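Peer 1: Input: one structure, supplied below.
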Amino acid sequence: MKFDAVTVNMLKTGIWESFYMTALSSLFAYLIGLPLGIILVVTDEGGIRPIPWLQKILGVAINLLRSVPFLILLFIALPLSKIVIGTRIGSPAIIIPLTIAAAPYVARVVESSFRELDAGVIEAAQSMGASTWQIIWKVLLPESRPSLLLGAALAVTTILSYSAMAGFTGGGGLGAIAINYGYYRYEPFLMWVSVVLLVVMVQIIQEAGNRLSRKSDKRIR
Amino acid sequence: METPIIRIQNLGKEFKTANGPVRALQNINLEVSAGEIFGIIGLSGAGKSTLVRCINYLEVPTEGDVLFEGKSMAAMSDHERRRTRQSMGMIFQQFNLLAQRNVIRNVCFPLELAGVPKKEARERAMELLKTVGLEDRAQAYPAQLSGGQKQRVAIARALATRPKVILCDEATSALDPNTTKQILELLKDINRKLGVTIIVITHEMAVIEAICDRVAIIDQSRIAEVGAVSEIFLNPRSAIGRKLIMGEAAAQAAGTAVSGESGRSIRIIFDGRESAEPVISNMVLACRAPVNIMYAATRDIQGKAMGQMVVQLPPDREGARRVIEYLESIRVPYEEVNGDEV
Ligand SMILES: Nc1ncnc2c1ncn2[C@@H]1O[C@H](COP(=O)(O)OP(=O)(O)OP(=O)(O)O)[C@@H](O)[C@H]1O
Ligand SMILES: [Mg+2]
């Protein structure tokens, strides 16, 4: 019940752990999910490089992965963490399952941003002789930038809330504090403090995303 | 005659849809000469957009071929087709500018795609913005421009790679009449000064009359007729041609037709030598018969004043016969307008 130095330090560590789990998982999820999202749009029927069979297989795989509840995916993927990171417990270990869960989500978020784009703009680029790569780099990505940034805020806050489950597998972060103190030791005060801190983090990320998106959008005035 | 810059040969396009195949184009044969402004007109759904998209192979025809400067587009590799597209600029009804790029970077875009060094591209873009009268808006974003200004940027962008042909798909259909006039003037200017061949797709006869040398009328996925604009204006041979040319006259006339009177109507065409008023007043004097003017307009076709007028003949047979005889005697072209066209 007291805000002594030990508690404050624990919360500080919690914030840091939540932050880096989320940041690294988001980074890796985008490294995988962004190209997947591009492939989903580009290879679609009526896309700029239609490869319908690839599009279908990818779509099904993404849906499959997305339908596994995160808590279960977490336990399935931990052996992989052991191989890649060398441990299956603690905060770093959870980055692998988080990335696996978030990448297909990111692919869908990114896909929907690209689909908002006016087909006429792509047609114009094609009429100027743009190659598939040029359309992706010079039209698809920059023209969707505001929407991609909004999507990123959505994806990162989702990843942050998933990361809170690290507590179940010996990981750290604010979620772990809430679970360990609030649930196992019944210290609701600490639980509420960590929940409030999580809420604040979500707010900051969302607000940053909104502002960046608005600022980068040249369609407004 | 030199080889046409674009020759469309037996071109056909069929779309496969969930409800079976849709024939958008059949047996299209056209030749466009270098330096001309060629119009393609037709009603909605006739296949105009499909045709223009087949010309630069954005849409791959299911039959036939397009020869650009004698080279078969069908036989080209993807890479060659992309290179060829750089010789064919395109402008659109909805402008299709890149919303996240400012004006100058939009104009630089095709140069960037073609690998032109940045500095050179900027200089060229500035030059083009001057041509279209927008050099002071170089740093603006498309959202800050009016429709007419956006289309000017699109024209500058289409000209950037020094194309030989510009394809315009309903380039003025989203603009008000005044702006339309300015944009058409600009296109005509570009055609004259740079010698760029322009292909204009439209559903408005007025656009064809304003700038085109020749026109093809497309109806239900086929070419109905092709010819010089002044010729087709004087003497449309196809049903669709008559409808398009007399369409506005008929629509206007319908509004002024005296109800209850079911007399015959004729369309009189003036080709610039005589002016409309003396013909009609002389006719009334000579025939001693009243005629009802239902519609009259003059317009400038390729610098020649052309006029058309729809008049209702006198209700009695004798009066009508006298009017027809008078027109024959002074050799003014006329034709009878069907009831359903009026
Ligand atoms: N991608 C497509 N898939 C299926 N059918 C199509 C497709 N594009 C065009 N069509 C059909 O082809 C026909 C011609 O269409 P097109 O767009 O060329 O007409 P248009 O003359 O340009 O008409 P508008 O003046 O309305 O633009 C129409 O019947 C249309 O439904
Ligand atoms: Mg069209």
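Peer 1: Based on what the data block shows, is B:LEU194 buried (at least 22 other Cβ atoms within 10 Å of the Cβ) and within 26 Å of B:LEU58 (Cβ to Cβ)?
Peer 2: Considered against the rule, which asks whether it is buried (at least 22 other Cβ atoms within 10 Å of the Cβ) and within 26 Å of B:LEU58 (Cβ to Cβ), B:LEU194 comes out as no.
Peer 1: Restrict the check to the stretch B:13-23 and report whether at least one residue is surrounded by fewer than 20 Cβ atoms within 10 Å (Cβ to Cβ) and within 16 Å of the chain's Cα centre (by Cα).
Peer 2: No, every residue in the stretch B:13-23 fails to be surrounded by fewer than 20 Cβ atoms within 10 Å (Cβ to Cβ) and within 16 Å of the chain's Cα centre (by Cα).
Peer 1: Turning to a different aspect of this structure: Residues to consider are A:LEU154, A:LEU141, A:LEU117; find the one that is over 17 Å from B:PHE109 (Cα atoms), of a type outside the set (Ser, Thr, Tyr), within 14 Å of chain B (Cβ to nearest Cβ) and surrounded by fewer than 23 Cβ atoms within 10 Å (Cβ to Cβ).
Peer 2: Going through A:LEU154, A:LEU141, A:LEU117 in turn, just one is over 17 Å from B:PHE109 (Cα atoms), of a type outside the set (Ser, Thr, Tyr), within 14 Å of chain B (Cβ to nearest Cβ) and surrounded by fewer than 23 Cβ atoms within 10 Å (Cβ to Cβ): A:LEU117.
Peer 1: So how many residues does the stretch A:13-41 have that are hydroxyl-bearing (Ser, Thr, Tyr) and modelled with pLDDT of 95 or more?
Peer 2: Adding up the residues that qualify gives 4.
Peer 1: Now for a separate question. Here are the criteria: (1) over 21 Å from the mean Cα position of the chain (by Cα); (2) farther than 19 Å from A:ALA125 by Cα. Tell me which single one B:GLN182 does not satisfy.
Peer 2: (1)
Peer 1: Name, by its number, the condition in (1) under 13 Å from B:ILE8 (Cα atoms); (2) assigned to a loop (DSSP other than H, G, I, E, B); (3) away from ligand 1 (no atom under 16 Å from the Cβ) that does not hold for B:LEU97.
Peer 2: All conditions are met except number (1).
Peer 1: In the stretch B:6-50, which residue that is of a type outside the set (A, V, I, L, M), within 14 Å of chain A (Cβ to nearest Cβ) and out of contact with any Leu (no Cβ under 7 Å at 6 or more places or on another chain) is farthest from ligand 1 (Cβ to nearest atom)?
Peer 2: It comes out as B:LYS16.
Peer 1: A further question follows. Need a quick list: helices (runs of 4 or more DSSP H) entirely within the stretch A:7-120 having at least 2 residues that are closer than 16 Å to A:ALA164 by Cα.
Peer 2: A:70-84, A:91-115
Peer 1: A further question on this structure: State all residues of the stretch B:91-108 that are among the aromatic types (Phe, Trp, Tyr) and more than 7 Å from every other protein chain (Cβ to nearest Cβ); if no residue qualifies, say none.
Peer 2: Once the filter is applied, which keeps residues that are among the aromatic types (Phe, Trp, Tyr) and more than 7 Å from every other protein chain (Cβ to nearest Cβ), the stretch B:91-108 yields only B:PHE95.
Peer 1: Moving on. Kindly indicate the residue of the stretch B:184-206 that is within 16 Å of ligand 2 (Cβ to nearest atom) and modelled with pLDDT of 95 or more and also farthest from B:PHE38 (Cα to Cα) among those meeting that condition.
Peer 2: In this case the residue turns out to be B:THR202.
Peer 1: So the check is Cβ under 8 Å with 6+ separation or different chains; which pairs have a first residue in the stretch B:55-67 that's in a loop (DSSP other than H, G, I, E, B) and a second one that's among the hydroxyl-bearing types (Ser, Thr, Tyr) and within 12 Å of ligand 1 (Cβ to nearest atom)?
Peer 2: B:GLU59/B:THR50
Peer 1: Hey, can you tell me all the residues within the stretch A:172-201 that are assigned to a loop (DSSP other than H, G, I, E, B), of a type outside the set (Ser, Thr, Tyr) and surrounded by fewer than 20 Cβ atoms within 10 Å (Cβ to Cβ)?
Peer 2: A:ARG185, A:GLU187
The values are calculated or read from the model by the stated rules, or taken from the named source; none is laboratory data. This is a predicted model, so every value here is computed, not measured. Cβ: placed from backbone, ideal geometry, glycine included. Neighbour counts: every protein chain shown.
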